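What follows is one structure encoded as structure tokens, with my remarks underneath.
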Amino acid sequence: HKDLDYRPKIALYQPDIPQNTAAIIRTCSCFDLRLEIIKPVGFVLDEKKLKRIYMDYVKNCKIIYHKSFDEFMKIKRKGCIILFTTKSKSRYYEFQFKKGDTLLFGNESNGVNQSVHNTIKDKLNIPIKTENRSLNLSSAVSIAASEALRQINFSN
């Protein structure tokens with residue numbers, strides 16, 4: 001897709017639940033979004049569970065693997081990275097997304113470490129009922145990607 005560089009990118013920080021990663025691969029394939037995975041990953045990427053969920057969607061999803069967060073940051077130094085976190089008071093729908101933004105999501109068990117949290121300037125949350133901890137990672141990615149795409153007027 002010629003405008004892939006201008007579309008939002010989804011970045012997963014050390015994901016540890018294969019089913020969520022597979023569902024995110026499927027979402028990225030459907031919305032024509034590049035997926036970036038920051039290692040280490042907490043599972044084997046060719047697990048049966050993963051294949052069952054992403055089926056043939058992985059063929060239509062551009063996936064880039066980064067060996068570490070430092071490598072990811074070196075490549076991203078010119079672009080805007082937005083961290084989605086429950087520790088932010090800024091609402092995702094009040095943020096002005098731009099073409100080429102990278103939407104970064106922590107892993108399911110621990111989010112991102114404090115060093116990563118401190119490195120990223122823009123941090124957003126998806127508000128939910130206060131008695132709940134968080135959304136499922138794949139749901140959060142879908143919500144954030146949909147809003148970013150809506151704001152920058154992309155359609156397939």
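Summary table below
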| quantity | calculated |
| --- | --- |
| Answer label, with semi-axes √(5λ) of the Cα gyration tensor in Å calculated from the coordinates and candidates [x] 24, 16, 14; [y] 34, 17, 14; [z] 21, 19, 16 | [z] |
| Fraction of accessible area attributable to carbon and sulfur, the chain (%, probe 1.4 Å) | 48 percent |
| Peptides ranked, highest mean first, by Cβ atoms within 10 Å: ranges 129-136, 32-39 | 32-39, 129-136 |
| Virtual paramagnetic centre 7 Å along Cα→Cβ of Q114, amide N under 18 Å, in segment 82-103 | 86-88 |
| Length released on extending from Y93 to I75, taking residue separation times 0.36 nm less the Cα-Cα span | 3.8 nm |
| Protection proxy ranking, peptides 5-18, 92-105, average beta carbon neighbours within 10 Å, highest first | 5-18, 92-105 |
| Sites N136 and C30, calculated FRET efficiency, Cβ-Cβ separation with R0 22 Å, nearest 0.05 | 0.85 |
| Fraction of antiparallel bridges per DSSP, the chain only, in percent to nearest 5 | 5 percent |
| Probe 1.4 Å, protein heavy atoms only - accessible area per residue of the chain in square angstrom | 57 Å² |
| Pairwise centroid distance, computed over Cα atoms, of segment 14-29 with segment 90-156, Å | 15 Å |
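The values are calculated or read from the model by the stated rules, or taken from the named source; none is laboratory data. Not measured: the values here are computed from a predicted model. Positions of Cβ are generated from backbone atoms using ideal geometry, with glycine treated the same way; all protein chains shown enter the neighbour counts. All accessible areas refer to the heavy atoms of the entire protein, side chains included, with ligands and DNA or RNA removed. Shrake-Rupley method; radii C 1.70, N 1.55, O 1.52, S 1.80 Å.
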